[in-house]
1. Treating the chain as a set of equal point scatterers at the Cα positions, no solvent, please give the Debye-formula log₁₀ I(q)/I(0) at q = 0.10 Å⁻¹.
2. Tell me the mean residue ellipticity at 222 nm calculated for the chain from its helices only (DSSP H runs of n ≥ 4, each -39500 (n - 2.57), averaged over every residue, nearest 500).
3. Where is the GNM fluctuation largest for the chain (alpha-carbon springs, 10 angstrom cutoff): 65, 11, 41?
4. Go through 42, 15, 60 and say which Cα lies farthest out towards the positive end of the charge dipole of the chain; charges sit on Cβ, +1 for Lys and Arg, -1 for Asp and Glu.
5. Please check: in the Gaussian network model of the chain (C-alpha springs, under 10 Å), which one of 71, 56, 12 has the largest mean-square fluctuation.
6. Under a GNM of the chain (C-alpha, springs under 10 Å), which listed residue has the highest mean-square fluctuation: 42, 21, 50?
Amino acid sequence: MASIASAFSDFLNALTGIFFSLFNSVLAVFQAIVVLATDIFSSVLHLAQSLVSLVLGLLQGVYGFVIANLLAIVVLGGGYYFYTTRGAKRGKRKA
């Protein structure tokens with residue numbers, strides 16, 4: 001009888017070991033996904049910070065002032081162009 005109880009105990013220990021190993025593996029996968037997401041977010045934030053620093057560096061001084069005004073004209077002109085072409089397309093009726 002002792003050998004049956006021992007074998008049953010070993011079987012239960014093996015099952016619990018498999019369960020906890022599987023649980024730890026699932027947690028490790030979720031932890032890897034979270035770490036990847038935070039790393040990507042950090043990289044994108046660092047890229048945006050570098051881009052803002054580049055733009056601010058370029059827009060200093062007289063040449064930067066001229067470039068900023070040209071950029072504003074391009075942005076406003078492009079917005080006006082897209083607004084008017086969208087309005088023209090919207091005003092047309094199909095027969």
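1. Per q value, in the given order, log10 I(q)/I(0) is -0.67.
2. Details: 2 runs with 88 residues, N = 95.
Only helices count here, giving -34500 deg cm²/dmol.
3. The residue with the greatest mean-square fluctuation here is 11.
4. Comparing the listed Cα positions along the dipole, 60 ranks first.
5. In the Gaussian network model the winner is 12.
6. 21
Coordinate-derived values only; no laboratory data. The structure displayed is predicted, hence computed values, not measured ones. Neighbour counts are summed over all protein chains in view; Cβ atoms, including those assigned to glycine, are modelled from backbone coordinates with ideal geometry.
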